[in-house]
Amino acid sequence: MKLLKEEVLSAAAELNVSVSELTDQEATSIRNVASQKFTRDHRATWLWESLIDSVSIQNTNAWRWIGEYVDSRQVIMFFNEFDDKSVLEFENGADIVPVLEETFHFEFYLTNREADYMICFNHHDFLITAGTAMQWLETRLQVTHN
């Protein structure tokens, strides 16, 4: 079975997008900090199931909105550990949506090095935000529904 990182790196290479894999130590640190900040149980199988505080919407195409929030900032992408323990860093957040357009559907999480936020798109087609990304999604949903 192809690792999710290979899927992302392959799509990134096709699009000439700068993505790098973090070291195991950096990956563990990012996962731990994000999990401790945003979840009740950082050992949960699916982190999104144990988020302390979040805003979400079920929409098959909501993952396409992510670029609005991450913009051109560096972004960390990781996956459920049972799927792939790799952690990837996009130099430019604007590249995430085009890369995802070239991959098969999979569950992923996004954050930054400071773990100010967590964004997840899960296998139930929910876009889920925590931390500073919550306000962005709340605002987007209000504008969309008004």
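The values are calculated or read from the model by the stated rules, or taken from the named source; none is laboratory data. Just so it is clear, the structure is predicted and the values come from calculations on it, not from any experiment. Cβ placement follows ideal geometry from the backbone for every residue including glycine, while neighbour counts extend to all protein chains displayed.
Quick notes on this structure:
- The stretch 104-143, subset out of contact with any Ser or Thr (no Cβ under 8 Å at 6 or more places or on another chain) and of a type in the set (Val, Ile, Thr), residue modelled with the lowest pLDDT: 143
- Every pair of residues 6+ apart whose Cβ atoms lie under 7 Å, when the first sits in the stretch 121-138 and is free of Cβ contacts under 8 Å to residues at least 40 places away in the same chain and within 20 Å of residue 35 (Cβ to Cβ) while the second is surrounded by 17 or more Cβ atoms within 10 Å (Cβ to Cβ) and not polar (S, T, N, Q): 123/107; 132/117
- Qualifying residue in the stretch 81-91 (condition: in contact with a strand residue (DSSP E or B) (Cβ under 9 Å, 6 or more places away or on another chain), more than 19 Å from residue 6 (Cβ to Cβ) and surrounded by 21 or more Cβ atoms within 10 Å (Cβ to Cβ)): no
- Residue within the stretch 46-59 that is at pLDDT 90 or above, out of contact with any strand residue (DSSP E or B) (no Cβ under 6 Å at 6 or more places or on another chain) and surrounded by 12 or more Cβ atoms within 10 Å (Cβ to Cβ) present: yes
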